[in-house]
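The values are calculated or read from the model by the stated rules, or taken from the named source; none is laboratory data. The structure presented is a predicted model; accordingly, all values stated were derived computationally and were not measured. Methodologically, a virtual Cβ is constructed for each residue, glycine included, from the backbone with ideal geometry; neighbour enumeration extends over all protein chains shown. Quick note on the areas: whole protein, heavy atoms, side chains included, nothing else; ligands and nucleic acids left out. Shrake-Rupley method; radii C 1.70, N 1.55, O 1.52, S 1.80 Å.
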Amino acid sequence: MRLALLMTAAVALFTQNLNAAPAAERRGVMAFDYRRSLTPAELAWYGQFDLLVTHDPLPRAHVDALHARGTRLLLYEWSVAFYPSIAGTWHRALPRSALLNARPLRGHAGSLDADAYYYDPVSPQHVRERAPVLAAKLRAAGYDGLFFDTTSSESVHPEALAEFTARHPDVTYDVAFARFLRALRRELKEGVIVTNQGYRAAAHILPFVDYDVSESLITRPVKGRYVLRPWYDPGDEWNSISFLMRKLIAPVQREYPRVRFVHLNYLETLDQAAIARIVAIARIYGAEAFVAQPSISGGTLGDAYFADLGAPRPRVESTAKRTAYRFFARGLAAANFGTVPLSIPNEARATYENVATRETTRARRIVVAPGTAVLFRRR
């Protein structure tokens with residue numbers, strides 16, 4: 001009881017001092033934190049974002065405090081399957097015909113250590129019941145929308161997908177899943193729907209969502225730690241940041257301009273410069289970014305999220321030199337993964353400030369050292 005009173009008092013103090021946190025140039029777009037409780041300082045920081053994704057519902061006092069700050073809350077939902085160990089009443093009542101696997105499956109996009117059962121998206125339970133169940137769950141938690149992790153048929157365990165194909169030879173998995181998304185969109189008329197990697201089946205998924213998240217396209221795990229992908233590797237283009245952005249993401253951005261794209265990437269240790277590098281790359285290619293630790297907890301820093309660069313101008317890119325940059329009305333994002341410094345003409349002779357270091361320059365040419373990406377705001 002005493003702990004509950006202390007938590008309530010702390011959140012009340014945060015709510016009374018909403019303006020105590022430093023004013024951002026603009027609101028951040030989307031943040032992720034999978035802990036079940038946040039401190040008042042963390043609530044203040046996340047209150048600078050339009051959206052916050054959590055794995056489980058936060059305490060109602062936290063939800064109210066974030067809403068007061070203008071932040072909408074999104075609840076994590078595994079798109080294609082569920083774990084019976086944490087299943088709800090609806091899941092436990094599903095008949096065998098509504099599932100693709102009779103025996104539990106592990107691995108693929110799911111946990112290696114937990115049993116999972118995959119939905120049959122053609123089943124009437126999935127088409128008609130899942131959306132109302134999720135909408136009721138959001139109302140009970142006071143949340144505003146859903147974040148669907150590992151979307152599309154590529155995230156379905158191969159055994160379960162083989163069963164789907166054998167059971168429904170006349171319809172593809174993604175076409176069937178789209179029927180559920182259409183029903184969910186009707187349920188959440190004012191709500192927010194976010195998918196993870198919906199671009200993989202864009203025609204079936206993106207018409208129903210507000211945001212799509214890519215995961216680990218800028219950093220990737222190598223020998224137990226996360227590192228930047230190569231900017232351009234001619235021997236493995238699909239492991240190249242610039243190739244993935246131009247060939248995988250950009251066409252979908254053009255086709256679905258209403259959908260906003262956010263790049264979620266991971267680093268073991270967060271600092272201003274590392275976050276700014278990833279945000280700069282995302283901004284060069286017309287998207288947003290968030291950088292989390294692998295546990296998706298903590299790490300409440302990153303001024304780059306709130307830098308208001310203004311309207312974008314055309315991107316300038318050289319695959320051969322492994323460089324790209326983009327001016328904005330009030331800033332510059334630049335990446336140099338070549339072997340020599342990148343020299344960018346400062347034609348307006350404006351003053352630019354490095355968002356991470358706060359160093360300023362008004363030189364005729366803005367120089368970016370090899371092996372990095374930088375975000376500048378115009379002063």
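Restricted to segment 297-322, and to residues there that are part of a loop (DSSP other than H, G, I, E, B) and within 18 Å of residue 264 (Cβ to Cβ), the residue that is least open to solvent (accessible area, probe 1.4 Å) is 302. Residue 254 fulfils the conditions (1) charged (D, E, K, R); (2) in contact with a Ser or Thr (Cβ under 8 Å, 6 or more places away or on another chain); (3) free of Cβ contacts under 8 Å to residues at least 12 places away in the same chain except for a single criterion, (2).
For segment 115-160, a residue qualifies if it is among the aliphatic types (A, V, I, L, M) and out of contact with any strand residue (DSSP E or B) (no Cβ under 7 Å at 6 or more places or on another chain), and the qualifying residues are 122, 127, 131, 133, 135, 136, 140. Find the residue count for segment 203-245, including only residues that are crowded, with 18+ Cβ neighbours inside 10 Å, out of contact with any Lys or Arg (no Cβ under 9 Å at 6 or more places or on another chain) and touching a residue at least 24 places away in the same chain (Cβ under 8 Å). Looking only at that region, the number is 5.
In segment 253-272, the residue that is farthest from residue 197 (Cα to Cα) out of those that are crowded, with 18+ Cβ neighbours inside 10 Å and among the β-branched types (Val, Ile, Thr) is 259. On inspection, residue 76 qualifies as of a type outside the set (D, E, K, R), within 25 Å of residue 152 (Cβ to Cβ) and open to solvent by 10 Å² or more (accessible area, probe 1.4 Å). If you go through segment 1-37 and pick out every residue that is modelled with pLDDT under 50 and open to solvent by less than 50 Å² (accessible area, probe 1.4 Å), you end up with 6. Scanning segment 185-202 for residues that are open to solvent by 60 Å² or more (accessible area, probe 1.4 Å) and either under 22 Å from residue 245 (Cα atoms) or in contact with a Ser or Thr (Cβ under 8 Å, 6 or more places away or on another chain) (or both) returns a single hit, 200.
Scanning segment 38-69 for residues that are open to solvent by 50 Å² or more (accessible area, probe 1.4 Å) and among the polar types (S, T, N, Q) returns a single hit, 39. Checking each residue in segment 273-296 for being over 20 Å from residue 250 (Cβ atoms), small (Gly, Ala, Ser) and either open to solvent by 30 Å² or more (accessible area, probe 1.4 Å) or assigned to a strand (DSSP E or B) (or both) picks out 273, 292, 295.
Report whether or not residue 182 is within 24 Å of residue 287 (Cβ to Cβ) and open to solvent by 10 Å² or more (accessible area, probe 1.4 Å). Considered against the rule, which asks whether it is within 24 Å of residue 287 (Cβ to Cβ) and open to solvent by 10 Å² or more (accessible area, probe 1.4 Å), residue 182 comes out as no. Among the residues of segment 55-89, the ones that are touching a His at 6+ places or on another chain (Cβ under 9 Å) and closer than 24 Å to residue 305 by Cβ come to 3 in all.
So, of the residues in segment 355-379 that are at negative phi and without any contact (Cβ under 8 Å) to a residue 24 or more places away in the chain, which turns out to be most open to solvent (accessible area, probe 1.4 Å)?
This residue is 364.
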